[in-house]
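Each remark here refers to the structure printed beneath this line.
The values are calculated or read from the model by the stated rules, or taken from the named source; none is laboratory data. Keep in mind it's a predicted model, so treat the numbers as computed, not measured. When we count neighbours, we look across all protein chains shown, and the Cβ atoms used for this are built from the backbone with ideal geometry, even at glycine. In case anyone asks, the SASA skips ligands and DNA or RNA and just uses the protein heavy atoms, side chains included. Shrake-Rupley method; radii C 1.70, N 1.55, O 1.52, S 1.80 Å.
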Amino acid sequence: MPHVPDSMIPRLRENMMKMKNNPEPDPVATERKLMNFAGAAIKNLIRGRTARSILELSGFRAALITPKTPQTEGVVIYIHGGGYCTGDLDYACLYGEVLASETGAVTFCPAYRLAPEAPFPAALEDSLCAYEWVLQNYPGQKICLIGESAGAGLCLSLAMKLKELKLPLPEGIVLLSPWTDLTLSGESHLTNAAADPSLTTAKLEVFAKAYCEDADPADPYISPLFGDLKGLPDSLIFVGGDEILLDDAVRLHAALEKAGCRSEL
């Protein structure tokens, strides 16, 4: 993926704000179209630097992305974001191919089932299935979980489920703007409402309702901020200061440290 020059960032932010300030009548349908278009548009930019193999797993598809010149052992599992409601396989591969190309690591990208058609716990079940596939096909190799937004929340929910099932944990977890609280109780939903260039709390309310359906949004496997984080792997968390999800990341970092885990924010 080409680097965005610093000079283009203000224009990019301005255009994102315009989209944000024109609410969609159907956020799920609109976001699906945008994310699917992005995945298809960028699909060919890294062609030649990686090889993509499509796999049919139990009820969903995944892609195994292999660098043409592998430079490291171990496997990355990348779990895409999109509010648990959006993002197809091409979108999952969009950043997955960047990871494989830049790190030289084999990268596995599950396109988990989406809400509202497949609400909780479908995404968690598919993420566990993907992890078990990697365990079986790359035995003994280190695994790193990487996720963004809802995908980052899934990384944490998956790690807690692995701990419950007494399965091998990943070596580390990288979380990009993690959505860890589907009760939407973070103060930054108010303090950053105007500053966030893309997300709105109203949109997240739609996504959370679709994903939770009849489940409690405070369920730790839905909102891992409220889960038992003891014994989880080292975590590296990235978040922007203007994001409405800022407090999801800040509170998670504090909770991880309180639980005795190593975390860097």
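Close amide H contacts of SER263 (hydrogens built in the peptide plane, cut-off under 5 Å, sequence separation of 5 or more or a different chain): SER235.
Checking every one of the trypsin sites (Lys or Arg not before Pro) in segment 162-223 against DSSP loop status and a limit of 11 other Cβ atoms within 10 Å picks out LYS166. Mean residue ellipticity, 222 nm, helices only, the chain: the sum of -39500 (n - 2.57) across DSSP H runs of n ≥ 4, divided by residue count and rounded to 500, is -12500 deg cm²/dmol. Report the accessible area of THR72, computed with a 1.4 Å probe over the heavy atoms of all protein chains in place, in Å² rounded to the nearest 10. About 70 Å², ignoring ligands and nucleic acids. Shape analysis of segment 59-189 places it in the prolate category; the axes a ≥ b ≥ c from the Cα gyration tensor give an a/c of at least 1.5, with a/b above b/c. Spatial offset of segment 196-265 relative to segment 79-118 amounts to 19 Å, using the alpha carbon center of each. Here's how it looks for GLY81: its modeled amide H is under 5 Å from those of GLU148, GLY151, which are all 5 or more places away or on a different chain. Under the classification rounded if a/c is under 1.5, otherwise prolate if a/b is larger than b/c and oblate if not, where does segment 111-265 fall, given a ≥ b ≥ c as square roots of the Cα gyration tensor eigenvalues? Judged from the Cα gyration tensor, segment 111-265 comes out oblate (a/c at least 1.5, b/c at or above a/b). Under 5 Å from the amide H of ARG61 lie the amide H atoms of ALA111, each residue being 5 or more positions distant or on a separate chain, with H modelled from the backbone and absent for Pro and chain starts. Could you state how much accessible area CYS212 has, in square angstrom rounded to the nearest 10, with a 1.4 Å probe and all protein chains kept in place? Spelled out: CYS212, probe radius 1.4 Å, area about 10 Å². In the set (1) 66, 58, 29; (2) 57, 39, 33; (3) 46, 41, 35, the label that goes with Cα extents along the principal axes in Å computed for this structure is (3). Among 184-190, 146-152, the peptide with the highest mean count of other Cβ atoms within 10 Å heads the list, and the full ranking is 146-152, 184-190.
On the protein heavy atoms, probe 1.4 angstrom, tell me the percent of accessible surface of the chain carried by carbon and sulfur.
Ligands and nucleic acids excluded, carbon and sulfur give 55 percent.
Once the 1.4 Å probe is applied to the protein heavy atoms, the chain comes out at 47 Å² accessible per residue. Shape class of segment 146-221 from the Cα gyration tensor (axes a ≥ b ≥ c, square roots of the eigenvalues): oblate, since a/c reaches 1.5 or more and a/b does not exceed b/c.
Figure note: ASP90, ASP248, ASP242 ranked by solvent-accessible area, largest first, 1.4 Å probe, ligands and nucleic acids not counted: ASP242, ASP90, ASP248. Loop-located GluC sites (Glu not before Pro) in segment 200-247 (DSSP state other than H, G, I, E, B) with a sparse environment of at most 16 neighbouring Cβ atoms within 10 Å: GLU213.
Looking only at the chain, where both bridge partners belong to it, what percent of the DSSP beta bridges are antiparallel (to the nearest 5)?
Bridges in the chain that DSSP calls antiparallel: roughly 35 percent.
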